[in-house]
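Below: one structure, written as structure tokens.
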Amino acid sequence: MWKKENIEQVFINYRPQAEKLLQNTDKVKKLLQQAIEKAKQNDGIIGESVRNLELTFDMFRDWLKGEYQHVPKRSLMTIAVTLLYFVSVVDFVPDFLMGIGLVDDAAVIAYAVKHIQSDLEQYKQWKHEQTQSPITIDISEST
């Protein structure tokens with residue numbers, strides 16, 4: 001198991017890249033697409049982390065489109081660092097090592113999700129509200 005200190009160091013190391021990344025919407029979109037593809041390819045390997053990552057992807061995508069603007073800067077940074085690390089070919093544990101290559105990715109994802117959990121819950125609630133159709137009842141009487 002990866003130590004908390006290792007994961008925190010990832011966030012320290014990747015923060016400058018993440019800050020720069022968040023200033024370029026096109027690069028963010030490209031990175032998000034790369035992360036989505038990698039997650040799809042490794043769904044069975046990193047399991048629950050992928051589910052959490054998918055929700056994070058959705059929130060980040062809706063933020064990029066301007067549809068959901070309630071993501072605090074600290075959460076955007078956390079997501080950006082996570083995406084950068086997830087798609088990076090230079091990992092603590094190289095991804096090509098079968099069986100253990102994605103352990104560090106899963107640890108970073110779990111750490112990130114834990115730190116943005118309340119924002120993800122708010123996003124889920126917002127998303128749920130967006131899918132609800134308003135019920136309208138015509139109370140006027142026909143005469």
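You can think of it this way: the chain between Gln23 and Lys3 has 4.1 nm of extra reach, that is 0.36 nm per residue less the Cα-Cα gap.
From the cross-link list Lys29/Lys127; Lys65/Lys124; Lys3/Lys40, which pairs have alpha carbons spaced over 22 Å apart?
Numbers: Lys29/Lys127 20 Å; Lys65/Lys124 17 Å; Lys3/Lys40 26 Å.
The answer is Lys3/Lys40.
Near Tyr111: Cβ cut-off under 9 Å, other residues only, Lys/Arg at +1 and Asp/Glu at -1. The net charge is +1.
Bear in mind that the values in this text are calculations on the coordinates, not laboratory data. Nothing here was measured: the structure is a model prediction, and the numbers come from that model. Counting neighbours? That spans all protein chains shown, and the Cβs are built from the backbone with ideal geometry, glycine included.
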